[in-house]
Structures are given as C-alpha cells and as structure tokens.
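Since every read-out is calculated from the coordinates, none of them should be taken as a lab result. Note that the structure is a prediction, hence the values are computed from the model and not measured. When we count neighbours, we look across all protein chains shown, and the Cβ atoms used for this are built from the backbone with ideal geometry, even at glycine.
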Amino acid sequence: MRCYLAVAGVSGAIAVGLGAFAAHGLKHQLTDRLLGVFQTGVQYQFYHTLALLLIGLLLSNSHSRWLKVSGALFILGMLFFSGSLYVLALSGIHWFGVITPVGGVALLAGWLSLVGFVVSEKRNGE
C-alpha cells in the first residue's frame, strides 16, 4: 500500500515537472507533432498516477492480489507507455514507438485487474 502511494506521489511530481517543461522549455524546440507526443505521455502518466493512488488507498482496506497486480501493471505501463513517448519526442528516434503499445497493454491489463478485484470482492461479500 505505502509503496504504491509513494510511487504515485513521485510520479505525480514528475508528471507536473515534465508537463511544465514541455509547455515552457520544449514549446519552441519540438515540432507540434513531437510536442503532442510528449504531452500525450504526460497526460497518460497523470491518469495512471491517479489510478495508482486509488490502488494504494484500496489496499489500505484489502490485501487483494488483484489490486497488487493492478498497481504493478500501472507502474510498468507508465514506464513503457509514457517513457517511450518521452524518449521518442526528445530523441526523434521513431523505433521507440514500438515500445509504446507494450505499455498500453500493461495499462489495459491494470484496469482489467481492477475489475477482477471488484468482481472478486462482490463474490466474497455476498
């Protein structure tokens, strides 16, 4: 629980910093397309930082394996999805784009693991 909350805090701070960096430092350095790629990485990092925060809070009342897997997948997904977009935008090396879908699949699996938690809790609670 505390680990996921700590990672969410660090990830949120990094996302704010990268978002500000993009808006002010990269605005005139990147093409509009690459700036959009970078901003997509920031946006998805923010979404999944909030999801990770939710996982950490839910784990304060549960020791569900589903939740732990969901949190781990969100972290991996953010690293691969957002991380590959950051590297692609900053370096212009387009083959980093092949890593992005791996992160996307991890993010999707994290959300489905959260559904698994909800379904398993409903069965246990009935």
Assuming a ≥ b ≥ c are the square roots of the Cα gyration tensor eigenvalues, decide whether segment 31-104 counts as rounded (a/c under 1.5), prolate (otherwise, with a/b larger than b/c) or oblate. prolate
Over all directions, how big on average is the projection of the convex hull of the alpha-carbon atoms in the chain, in square nanometres? 7.5 nm²
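If packing is taken as the average number of other Cβ atoms within 10 Å across a peptide's residues, how do 69-77, 14-22, 94-102 rank, most packed first?
Highest mean packing first, the order is 69-77, 14-22, 94-102.
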Could you state the angle between the C-alpha long axis of helix 100-125 and the longest principal axis of the C-alpha atoms of the chain, as a value from 0 to 90 degrees rounded to the nearest 10? 20 degrees
Is it possible to state the helix-based mean residue ellipticity at 222 nm for the chain, with each DSSP H run of 4+ residues giving -39500 (n - 2.57), the sum divided by total residues, to the nearest 500 deg cm²/dmol? What is it? -26000 deg cm²/dmol
In segment 25-126, what trypsin sites (Lys or Arg not before Pro) fall in a loop by DSSP, with at most 14 other Cβ atoms inside 10 Å? LYS27
Computed about the Cα centre, the charge dipole of the chain from +1 Lys/Arg and -1 Asp/Glu charges at the Cβ has a magnitude in debye, to the nearest 20, of 140 debye
